[in-house]
Amino acid sequence: MDNPLVLEPLFRLGPVPVTAPVVATWAIMAGLALFSVLATRRLALRPGRVQTVLELFSATLDGQIRATMGRDPAPFRALIGTIFLFVLAANWSSLIPGVEPPTAALETDAAAAFVVFAATTGYGIRYRGLGGYLRTFAEPSWVMIPLNIIEQVTRTVALIVRLFGNVMSGVFVIGVVLSLAGLFVPIPLMALDLLTGGVQAYIFAILATVFIGAAVGESPSAAPRAKEEEQSP
Amino acid sequence: MSIDWWTLGLQAVNLLVLVWILARFLFRPVARILAERREAAAAVLADAEAARAAAEAARQEAEAETAALKARREALLAEAREAAGREAEALRAEARAGIGRERAEAEAQIARLRESGQEEAAGAAAALAADIARRLMGRLPDSARAAGFAAGLAEALADLPEATRAGLGVAAPLRIRAARALSEEERRDLRDRLAAVLERPVTLDVAEDPSLLAGLELEAPGAVVRNHLKADLGRIASELARHG
């Protein structure tokens, strides 16, 4: 048996090796894009069922962002919403036989985490200015600068490992049980995987929101809550 | 365990591309339609508020108009009541005046009737008394119709003022009317009595006048002395008429 943590290229585009998570991600992207185009093709003031679900999702997302950051959610809606939808779709793609979720690959989780890190830095500089953003590392005092820098790295690594560990472990458990017990035995575990995938997508998105909110300057009332959520799984 | 940096980079690019795609085709359209619905709802609410304000204004206007109409109706009613009162008062005053006039006319008529009745009654009484006196005198002897009245005539002459008496019978004889023709003795007695009153000799011009019924009457310029039943009956009739 090959090492499941090592990605083998499916094919190459010139010098670029294309692995399975990338192909699965392209498929997810295509599905989400097609769904978006079709679902938003005929938006009306009197919504249909699909439009109602989309509006409910958008309103809930805005509510979460507003509650966490205490700011207008419009500038952050696309990034946070895309991270949530992508991670959710990637996690749940394991239900399709033969498809390994892209988030079970460390590279995908790391890419998402790096995007969050870059967005955190970019939004922080955009809202506070470069000096203002750098000064946040000296809060509450300059003694905290090394710890704050380490925190930036560790929380990004935590993002990666948390998602990767959960999804990869689910895939491994199902694979092991499937190889040992039979065809229908892993079904309860797959159902649990659905729950785990949804929770992990929510956690990844909400942590991204918390990080960005902390970078752009969160409202005092949102600060304790943000810290609390950061310490959750 | 190793990291496939190509995969990591491709996934990062994929994620950024997906962010753009979903922002372009999912989140913006949904946010736009939500904003449009919010604006539409706000517009509907604004319209409803404007309609409510207009309805409230119309209601207040209607209330004001109703109040004005009520006030106008009250004013008209009060004016009508006042006019009716004035008219009724005028009618009452006119009626009172008419009644007063009618009453005054009736009283005047009554007074006239009473007066004429009294006059007629007095006239009838006088005529009746004269007739009675005439019949009674007819039963008395002729001497009683004149002889007894000479003393009374002399007394009445004595009651005249001195100045009047002084002028009597100076220029002409005293004119005497008697109820019957006087005998010579009666003439002499009468002349003596009058001369005694006037304190000078007098001459008499005696004429017979049966309308006197009984008694004598002296006529002179400036004075008439009556002592006969006709005059007495006339006075009685006048008194009767005066006392009703």
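What to note about this one:
- Rounded if a/c under 1.5, otherwise prolate or oblate - the range A:1-97, Cα gyration tensor axes: prolate
- Segments B:222-230, A:107-115, B:199-207 sorted - mean Cβ within 10 Å per residue, highest first: A:107-115, B:222-230, B:199-207
- Cα gyration tensor shape of the range B:140-243, rounded if a/c is under 1.5, else prolate or oblate by comparing a/b with b/c: oblate
- Cα→Cβ-extended label distance, 7 Å offset, between residue B:66 and residue A:172, nm: 8.3 nm
- The ellipsoid that matches the Cα gyration tensor of the range A:9-230 has semi-axes, each √(5λ) in whole angstrom, of 32, 24, 18, with the longest given first.
- Note on residue B:93 and residue B:108: the extension gain reaches 3.2 nm, defined as 0.36 nm multiplied by sequence separation minus the Cα-Cα distance.
- GNM result for chain B, Cα springs below 10 Å: residue of B:78, B:156, B:12 fluctuating most strongly: B:12
- Top of B:35, B:111, B:58 by mean-square fluctuation, Gaussian network on chain B, Cα under 10 Å: B:35
- For chain B: rounded, prolate or oblate by the Cα gyration tensor [a/c cutoff 1.5]: prolate
- Ranked list, fewest to most other Cβ atoms within 10 Å of each Cβ, for A:178, B:22: A:178, B:22
- Along its first, second and third principal axes, ordered by size, the range B:51-98 spans 68, 6, 5 Å in Cα coordinates.
- With a 10 Å cut-off around each Cβ of A:108-119, the average count of Cβ atoms from other chains is 4.
- Taking A:142, A:26 and counting other C-beta atoms within 10 Å, the order from fewest to most: A:142, A:26
- Span from the the range B:63-90 Cα centroid across to the the range A:174-190 one, whole angstrom: 100 Å
- Spin-label pair residue B:44-residue B:56: with each label point 7 Å from Cα along the Cα-Cβ axis, the two points sit 2.2 nm from one another.
- Antiparallel bridge percentage (DSSP; both residues within the protein assembly as shown; nearest 5): 75 percent
- Shown for the range B:53-159 is the translational diffusion coefficient from the Stokes-Einstein equation, using the Kirkwood radius over Cα pairs, a temperature of 37 °C and a viscosity of 0.692 mPa s: 145 µm²/s.
- By the combined test of axial Cα extent (at least 15 Å) and Kyte-Doolittle hydropathy (mean at least -1.0), the qualifying DSSP H helices of chain A come to A:20-39, A:49-69, A:74-92, A:106-135, A:145-180, A:187-216.
- Residue among B:105, B:219, B:79 with the largest mean-square fluctuation in a Gaussian network model of chain B, springs linking Cα atoms under 10 Å: B:79
We did not get these values from a lab; they are worked out from the coordinates using the rules stated. Here the structure is a predicted model, which is why all the values come from computation and not from measurement. Here the Cβ is made from the backbone with ideal geometry for all residues, glycine too, and neighbour counts use every protein chain on show.
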